[in-house]
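Novice: Right, I'll just put the structure down here and ask away after.
The values are calculated or read from the model by the stated rules, or taken from the named source; none is laboratory data. Every value quoted in this text rests on a predicted model; they were computed, and no experiment measured them. Counting neighbours? That spans all protein chains shown, and the Cβs are built from the backbone with ideal geometry, glycine included. To get the accessible areas, we keep the full protein, side chains included, count just its heavy atoms, and leave off ligands, DNA and RNA. Shrake-Rupley method; radii C 1.70, N 1.55, O 1.52, S 1.80 Å.
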Amino acid sequence: MRYLLYILLICLPYALAAQKADMIILQAKAAAEKNDYGTAVELLASINPNNLTAMKFKADCFYGINNYDEALQAYFTINKLFKDEAMFEIAKCYAAKGNVDEALSWLEKYLNLKNKLDEYAIVSDKAFQSLTNTKQWKNIWKKDWYSQSEIQQNAVYSLLRIGNGQAALDELDKEQSRSIPRHVYFACRAKTYTQLKQWEAALSNINEALELQKSIDDYWIVRGNIYFEVAEYAKAEEDYSKAMKLNPYIIPLYLKRSEAARLAGDFSQAAEDMDIYQQLYPKTPETIYQLGKLEAARENFSEAIAYFNKLLSKNKSNPEYYMERGLIELKIEDYQAADEDFGMALDLNPSLREAYLNKGKIRIYLLDNDSACFNFEKASSLGSVEASKLYVEHCSKQK
């Protein structure tokens with residue numbers, strides 16, 4: 001089912017380049033991601049029937065609620081309008097309906113295409129589980145459907161999927177990997193180095209991929225994530241925006257771009273993205289958390305504290321919530337409340353060096369030098385460079 005949710009608009013990147021997201025489609029997609037396909041279908045009923053974006057997604061939703069006849073009708077229309085773009089989905093619908101001959105016929109047509117899912121993704125799809133022991137199914141897989149390039153590419157993808165970056169890198173260094181399309185090769189290397197947290201190498205490789213192919217949203221996301229990790233937030237925001245111009249229906253990117261924009265000081269874009277994300281997921285902890293961070297960054301401190309109060313009213317076991325509220329209280333000089341929140345954070349996670357650091361700062365403000373030195377020493381022992389400097393400044397003469 002995950003394939004259905006993420007296949008949306010793979011075949012339409014150029015059409016999307018000039019479009020902005022339709023809020024109804026975003027709401028339908030959010031509903032489908034919660035397996036509420038019925039709501040998604042109802043939302044899409046009001047969309048212009050000639051909207052191909054909605055048509056594709058609506059078909060996926062009909063499949064999600066097991067309405068295979070409606071799904072088939074929609075997929076056949078798509079397959080006619082966009083040659084060969086819904087063959088796999090048609091095969092799955094027939095398999096779900098128990099029509100083995102039609103399912104395997106359409107699957108065979110799909111396997112003849114140049115661009116297709118890897119073998120593991122196909123054979124492990126739930127739609128085909130009832131067919132895997134049939135003679136017809138086994139006969140299909142006697143044929144070599146994948147070129148050497150595709151086999152090698154799929155081997156790398158499989159290793160990346162399970163998070164084995166070093167093995168993927170070793171695979172890419174093999175002679176047969178030279179047959180992989182160059183932009184795919186460099187993108188895979190970038191993802192591999194990203195898993196290994198080797199940011200410079202990752203950036204170099206994704207730049208090579210983007211030089212060769214700029215119309216794949218995933219490449220811009222990869223580079224945006226790298227920039228985010230190395231604190232180049234304005235560049236991350238720019239790359240996320242480029243990905244969203246190609247495909248504005250990647251919902252997690254609204255949250256990610258909002259965070260990057262906030263950290264880059266672009267509060268207008270951050271607020272715009274959070275407004276969209278909040279409409280889709282109004283009550284999730286990540287929504288409330290990012291809203292709190294945004295209001296704190298905009299120095300709307302009472303609103304920010306209200307968001308973290310809301311989070312803590314539902315979950316008192318997350319030290320990060322206490323940390324964030326404590327930082328706001330520190331800014332407004334409510335030292336007692338901040339000290340208590342940093343203390344609560346440390347009760348939940350005694351290795352939070354920033355909590356010790358900030359408790360030390362508070363004790364300086366309160367003229368409690370002994371307690372300040374204790375906290376600076378603890379933070380320093382956990383790797384805080386700032387705490388080490390403050391310890392030298394305020395405490396070294398006491399020894």
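Novice: State which residue pairs qualify: first residue open to solvent by 20 Å² or more (accessible area, probe 1.4 Å) and inside segment 254-277, second residue not in a helix (DSSP H, G or I) in any location, beta carbons under 9 Å apart, and separation of 6 or more residues or different chains.
Specialist: Filtered contacts from segment 254-277: Leu255/Tyr281; Arg262/Arg298; Leu263/Ala231; Ala264/Glu232; Phe267/Arg298; Ala271/Arg298; Ile276/Ala21; Ile276/Ile251.
Novice: Moving to a separate point now. Only one of these conditions is not met by Leu210: (1) under 25 Å from Gly163 (Cβ atoms); (2) at pLDDT below 95. Which number is it?
Specialist: Result: Leu210 passes all but (2).
Novice: Can you tell me which condition Val392 does not meet? The list is (1) within 29 Å of Arg262 (Cα to Cα); (2) among the aliphatic types (A, V, I, L, M); (3) open to solvent by 70 Å² or more (accessible area, probe 1.4 Å), and all the others hold.
Specialist: All conditions are met except number (1).
Novice: Also, quick follow-up: Consider segment 209-231. How many of its residues are open to solvent by 20 Å² or more (accessible area, probe 1.4 Å) and small (Gly, Ala, Ser)? Can you show your working first?
Specialist: Here is the first cut: in segment 209-231, the ones open to solvent by 20 Å² or more (accessible area, probe 1.4 Å) are 211-218, 220-221, 223, 225, 227-231.
Add one more test, that the residue is small (Gly, Ala, Ser), and what stays is 215, 231.
Residues in segment 209-231 being open to solvent by 20 Å² or more (accessible area, probe 1.4 Å) and small (Gly, Ala, Ser): 2 in total.
Novice: Okay, next question. Answer yes if at least one residue in segment 291-306 is open to solvent by less than 80 Å² (accessible area, probe 1.4 Å), under 24 Å from Ala260 (Cα atoms), hydroxyl-bearing (Ser, Thr, Tyr) and assigned to a helix (DSSP H, G or I), and no otherwise.
Specialist: Filtering segment 291-306 for residues open to solvent by less than 80 Å² (accessible area, probe 1.4 Å) gives 291-297, 300-301, 304-306.
Checking which are under 24 Å from Ala260 (Cα atoms) leaves us with 291-297, 300-301, 304-306.
Those left that are additionally hydroxyl-bearing (Ser, Thr, Tyr): none.
Within segment 291-306, none of the residues are open to solvent by less than 80 Å² (accessible area, probe 1.4 Å), under 24 Å from Ala260 (Cα atoms), hydroxyl-bearing (Ser, Thr, Tyr) and assigned to a helix (DSSP H, G or I).
Novice: Sticking with this structure for a sec: Enumerate the pairs (first residue in segment 369-391 and assigned to a helix (DSSP H, G or I); second residue anywhere and charged (D, E, K, R) and open to solvent by less than 70 Å² (accessible area, probe 1.4 Å)) with beta-carbon separation below 7 Å, excluding pairs fewer than 6 apart on the same chain, so at least 6 apart or on different chains.
Specialist: Once the first residue is assigned to a helix (DSSP H, G or I) and sits in segment 369-391, its partners that are charged (D, E, K, R) and open to solvent by less than 70 Å² (accessible area, probe 1.4 Å) give Ser371/Arg363; Ala372/Arg363; Asn375/Lys359; Asn375/Arg363.
Novice: While we're on this one: Looking at (1) modelled with pLDDT under 95; (2) farther than 26 Å from Ala54 by Cα, can you tell me which one Ala270 breaks?
Specialist: Condition not satisfied by Ala270: (1).
Novice: Right, next: Mind checking whether some residue in segment 226-237 is in contact with a Gly (Cβ under 7 Å, 6 or more places away or on another chain) and free of Cβ contacts under 8 Å to residues at least 60 places away in the same chain?
Specialist: Of segment 226-237, the ones in contact with a Gly (Cβ under 7 Å, 6 or more places away or on another chain) are 236.
With free of Cβ contacts under 8 Å to residues at least 60 places away in the same chain added as a condition, the list becomes 236.
Yes, there is a match, as at least one residue in segment 226-237 is in contact with a Gly (Cβ under 7 Å, 6 or more places away or on another chain) and free of Cβ contacts under 8 Å to residues at least 60 places away in the same chain.
Novice: Within segment 47-55, identify whether any single residue is assigned to a helix (DSSP H, G or I), more than 12 Å from Pro248 (Cα to Cα) and at pLDDT 90 or above, and answer yes or no.
Specialist: Among the residues of segment 47-55, not one is assigned to a helix (DSSP H, G or I), more than 12 Å from Pro248 (Cα to Cα) and at pLDDT 90 or above, which makes the answer no.
Novice: Also, I was wondering about something else. Scan segment 180-201 and tell me whether some residue there is of a type outside the set (Ser, Thr, Tyr), part of a helix (DSSP H, G or I), more than 30 Å from Ala231 (Cα to Cα) and within 29 Å of the chain's Cα centre (by Cα).
Specialist: Within segment 180-201, the first condition is being of a type outside the set (Ser, Thr, Tyr), and the residues that meet it are 180-184, 186-191, 195-201.
Restricting the remaining residues to those that are part of a helix (DSSP H, G or I) gives 182-184, 186-191, 195, 199-201.
If we keep only those that are more than 30 Å from Ala231 (Cα to Cα) as well, we get none.
No, every residue in segment 180-201 fails to be of a type outside the set (Ser, Thr, Tyr), part of a helix (DSSP H, G or I), more than 30 Å from Ala231 (Cα to Cα) and within 29 Å of the chain's Cα centre (by Cα).
Novice: Additional query: Looking at segment 215-222, is at least one residue among the charged types (D, E, K, R), part of a helix (DSSP H, G or I), under 20 Å from the mean Cα position of the chain (by Cα) and over 23 Å from Glu171 (Cα atoms)? Walk me through it before giving the result.
Specialist: Step one: list which residues in segment 215-222 are among the charged types (D, E, K, R), which gives 217-218.
Restricting the remaining residues to those that are part of a helix (DSSP H, G or I) gives 217-218.
Retained after the next criterion (residues that are under 20 Å from the mean Cα position of the chain (by Cα)): 217-218.
Retained after the next criterion (residues that are over 23 Å from Glu171 (Cα atoms)): 217.
So far as segment 215-222 goes, yes, one or more of its residues are among the charged types (D, E, K, R), part of a helix (DSSP H, G or I), under 20 Å from the mean Cα position of the chain (by Cα) and over 23 Å from Glu171 (Cα atoms).
Novice: Also: In segment 108-158, which residues are polar (S, T, N, Q) and within 25 Å of Tyr63 (Cβ to Cβ)? First the steps, then the outcome.
Specialist: Kept after step one, since they are polar (S, T, N, Q), are these residues of segment 108-158: 112, 115, 124, 129-130, 132-134, 136, 139, 147-149, 152-154, 158.
Asn112, Asn115, Ser124, Gln129, Ser130, Thr132, Asn133, Thr134, Gln136, Asn154, listed by residue number.
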